[in-house]
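This report concerns only the one structure given below.
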Amino acid sequence: MAMTKLGRNHLRWCFPCNLPIMESKTCPVCGAPTAETELTPPADSRPAFDYDIDKARAMADECFGEGCGKAMLPEGHVAVMNKCPAIDRMEEILSDGTIVATERFDLGVGWRFIIRMQGALRIAKVMSKGYVVLNPDAAPFVRENKNLMAPGVCDADPNIRIDDEVIMVLADRTVIGTGVAKMSGKDMVELNRGVAVKTRWHKEETPVTSDVAHTWDDVVKANEAVIIKRRDEAISFIHKTMEKYKDIPTVVSFSGGKDSLASMLLTMDAGVDVPPMFINTGLELDETVRYVHDFAERHNVKLVEQEPPKDAFYGNLVYFGPPAKDYRWCCKTNKLGPTVAAITKNYPNGVLSFIGQRKYESEARHEKPRVWQNPWTPGQIGASPIQSWSAMHVWLYIFYKKEPFNYWYAHGLDRIGCLMCPASDMADLDTIRQASSQYSRWDQYLSDYSSRTGLPEEWKKYGLWRWKSAPNSVKEEIKRVTGKEVPPMKASRALDPADDGPVAVKVQDGYSPCTMGYSIEAALSRPIDLKVLEPFTHALGWVIKFDEENDAIYANYTTFYGAGSITTKALTQGDAKQNMEHAVQLIARAFNCVGCGLCAARCEEKALYMEGGKVHIHEDDCIFCMKCYGPCPAVNFAPAAKTEEKGFED
């Protein structure tokens, strides 16, 4: 995955004090120069909690033997986690200012522990597994990033399996490199040809260790000046923004996550009475809901809470099917709808919302201004006091305030949201599945849906339900990890026994907060034959792709799925609505035509023509003039095909 730089790496390290230092090139404690940590961009690092340290130690022990975990991450030393770009999730682990290991979640397999050179140097003397002893003559080749061949192996752990992570050492345990086993430990010793280890890390390094231990309280004290400086700037921003919009009330959009918590605490430090507004989507983890309520009670603040209509999510699954990264209808039913309802009910004349948005979170948020007009909720002004903060800034401020935080941050999750959000990593979903009973209902739905529609088992197993059309990079990663081709994710059985007759369309429109764009999703009352629809889609423009493997048609900014759904995206609400209106007319032409001939009469190029009481098209004659779009009885008057523009209600 490509590295994305969204801002400066603010995390530095004082090696004499063995302390993480934010921003300053000199240590506030001892005055020594600090060094920038070698984090992979976007370098949005965070503290390692006890859960993280215990997991890393357990994986190290599993790979290299008992005691390696504590040798790698010594007791009492603060550690840092840094999330890196990956197909799913990958995090670097820093200890004493140096990267010692990487954890990577492989789809369909789970977590994989990858030892780095500094980690290998720490555990080489105590490891009892995963070792490969080199002939000294082979060491220079490994140092040059060449693979270790079997003739260069003197000894190896006989229990090494193909694809295990290994450490290559000399007989005296001098570390030469780390890599991936390409044959068993037994074969490495017995065979005289072939690649034994594919070298991964090989650069000769001096061990970086420290005898100085610290707590996060020590880290906060060392960084107090930076914390206060950041706090004071944010407080000034809050006061200026509230003064600018003094004619409307102010709230904090409070999700129960760390960023909204920091924003809420900043308003308190600013001395302003601003209530938290919590949109309880109905898909929140129990611990999140409890945390939000406990926070309001602990600080004696009035909580503005809004929920969606009963069963807004599960009740709409029958129409829309599973939501996906590229089909986020759930944002409208469970987030947008309740947000609009809360503002309309409590702040009819508009509201200023302080939102915990940070530029380090994504490229889309990096490009957003610090104050903006929310396009999906008229009257709401959004403003971010922590726009330029990194995750470490946020955590140090929360630690500085000694404020309790959401349970899940210390138990494996790095983001808080809906328990089955398709934007989640499979690593997070796996954590929730194992640790929360709430996931079982969704898990059962996925099983039932895939069985009912004839989708292959990989659809659920590898989390491919998170896309309507899974990216090739994901399919290639699954093949790399499992050695198996990913079968087409195409339903082999209809969702509805009816395979003929009119197609009804139901629409959910609105802004998708997680994609930073305006999108509209539509559900069809039954699956459709895309081969029938495809000729008509040429009226949408010249960029048309029929993806038979995924049973989808990509037509400019609109996508049709044979399973019975449509999605379109645009920068503005008007463009998205027009795209969907055109898409609905194409569905009517292909499947609901009543033979009126209006669209054919509007077609000056005669690409549309009437035959057998239905409209047909010579797609090669279509010039994309779009004059064929207009009044259509099949859309406007046929009850079975009437579009519900405001979505569904129970």
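From the list 220, 251, 180, 274, pick out the single residue that is of a type in the set (Val, Ile, Thr) and without any contact (Cβ under 8 Å) to a residue 24 or more places away in the chain. The unique qualifying residue is 180.
Within region 30-66, the residues that satisfy the criterion of being over 30 Å from the mean Cα position of the chain (by Cα) and crowded, with 16+ Cβ neighbours inside 10 Å are 34, 64, 65. Inspect region 244-253 for any residue being surrounded by 17 or more Cβ atoms within 10 Å (Cβ to Cβ), in a loop (DSSP other than H, G, I, E, B) and not hydrophobic (A, V, I, L, M, F, W, C) and give the result as yes or no. No, that holds for no residue.
Would you mind stating whether residue 442 is in contact (Cβ under 8 Å) with a residue 24 or more places away in the chain and either in a helix (DSSP H, G or I) or crowded, with 16+ Cβ neighbours inside 10 Å (or both)? Criteria not met by residue 442. Might you let me know whether region 36-54 holds any residue that is in a strand (DSSP E or B) and under 21 Å from residue 409 (Cβ atoms)? Checked against the condition, which is being in a strand (DSSP E or B) and under 21 Å from residue 409 (Cβ atoms), region 36-54 yields at least one hit. Would it be correct to say that residue 139 is part of a helix (DSSP H, G or I), closer than 22 Å to residue 186 by Cα and aliphatic (A, V, I, L, M)? Yes; evaluated as a whole, the condition is true for this residue. Of 449, 511, all but one fail to be at pLDDT below 90 and within 28 Å of residue 587 (Cα to Cα); the exception is 511.
Of all residues in region 26-44, none that is not assigned by TED's automatic domain parsing to the domain that holds residue 99 has its Cβ atom under 9 Å from the Cβ atom of a residue that is part of a loop (DSSP other than H, G, I, E, B), 6 or more apart or on another chain.
Based on this model, can you work out whether residue 138 counts as under 19 Å from residue 63 (Cβ atoms), buried (at least 20 other Cβ atoms within 10 Å of the Cβ) and among the small types (Gly, Ala, Ser)? Against the criterion (under 19 Å from residue 63 (Cβ atoms), buried (at least 20 other Cβ atoms within 10 Å of the Cβ) and among the small types (Gly, Ala, Ser)), residue 138 does not qualify.
Taken together, the criteria place residue 568 among residues that are assigned to a strand (DSSP E or B) and outside the structural domain of residue 324 (by TED's automatic domain parsing). All of 609, 561, 554 fail the test of being out of contact with any Cys (no Cβ under 6 Å at 6 or more places or on another chain) and surrounded by 20 or more Cβ atoms within 10 Å (Cβ to Cβ), apart from 561. Look at (1) touching a residue at least 24 places away in the same chain (Cβ under 8 Å); (2) more than 32 Å from the chain's Cα centre (by Cα); (3) surrounded by fewer than 16 Cβ atoms within 10 Å (Cβ to Cβ); (4) not in a loop (DSSP other than H, G, I, E, B) and you find that residue 198 fails only one, number (2).
Residues are listed down the side, and each one gets a yes or a no for (1) assigned to a helix (DSSP H, G or I); (2) buried (at least 22 other Cβ atoms within 10 Å of the Cβ); (3) modelled with pLDDT of 95 or more; (4) not assigned by TED's automatic domain parsing to the domain that holds residue 478:
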position	(1), (2), (3), (4)
122	yes, yes, yes, yes
167	no, yes, yes, yes
171	no, no, yes, yes
218	yes, no, yes, yes
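Just so you know, in region 84-109 the residues that are more than 22 Å from residue 199 (Cα to Cα) and out of contact with any Ser or Thr (no Cβ under 8 Å at 6 or more places or on another chain) include one that is modelled with the lowest pLDDT, and it is 107. Tally the residues that are among the β-branched types (Val, Ile, Thr) and over 23 Å from residue 207 (Cα atoms), restricting the search to region 27-48. Number of matching residues: 1. Close contacts from region 581-603, counting a first residue that is farther than 15 Å from residue 534 by Cα and a second that is of a type in the set (Lys, Arg) and part of a helix (DSSP H, G or I), with Cβ to Cβ under 8 Å and a gap of 6+ residues or different chains, come to 599/589. Only one of the numbered conditions (1) under 24 Å from residue 435 (Cβ atoms); (2) surrounded by 21 or more Cβ atoms within 10 Å (Cβ to Cβ); (3) among the β-branched types (Val, Ile, Thr) is not met by residue 274, and that is (1). Screening 461, 475, 490 for residues that are closer than 26 Å to residue 319 by Cβ and either surrounded by 17 or more Cβ atoms within 10 Å (Cβ to Cβ) or assigned by TED's automatic domain parsing to the domain that holds residue 328 (or both) leaves exactly one candidate, 490.
Among the candidates 212, 180, single out the residue that is of a type in the set (A, V, I, L, M), in a loop (DSSP other than H, G, I, E, B), outside the structural domain of residue 270 (by TED's automatic domain parsing) and within 23 Å of residue 73 (Cβ to Cβ). Matching residue, one of 212, 180: 212. Every listed requirement among (1) in contact with a helix residue (DSSP H, G or I) (Cβ under 6 Å, 6 or more places away or on another chain); (2) under 20 Å from residue 261 (Cβ atoms) is met by residue 355 save one, (1). Using the structure shown, decide if residue 97 is surrounded by fewer than 22 Cβ atoms within 10 Å (Cβ to Cβ) and either at positive phi or assigned by TED's automatic domain parsing to the domain that holds residue 466 (or both). No; evaluated as a whole, the condition is false for this residue. Filter region 268-315 down to residues that are among the polar types (S, T, N, Q) and in a loop (DSSP other than H, G, I, E, B) and give me whichever is farthest from residue 343 (Cα to Cα). The residue in question is 300.
The values are calculated or read from the model by the stated rules, or taken from the named source; none is laboratory data. Remember, predicted model here, so these are calculated numbers, not experimental data. Heads up, the Cβs are rebuilt from the backbone with ideal geometry, glycines too, and the neighbour counts pull from every protein chain shown.
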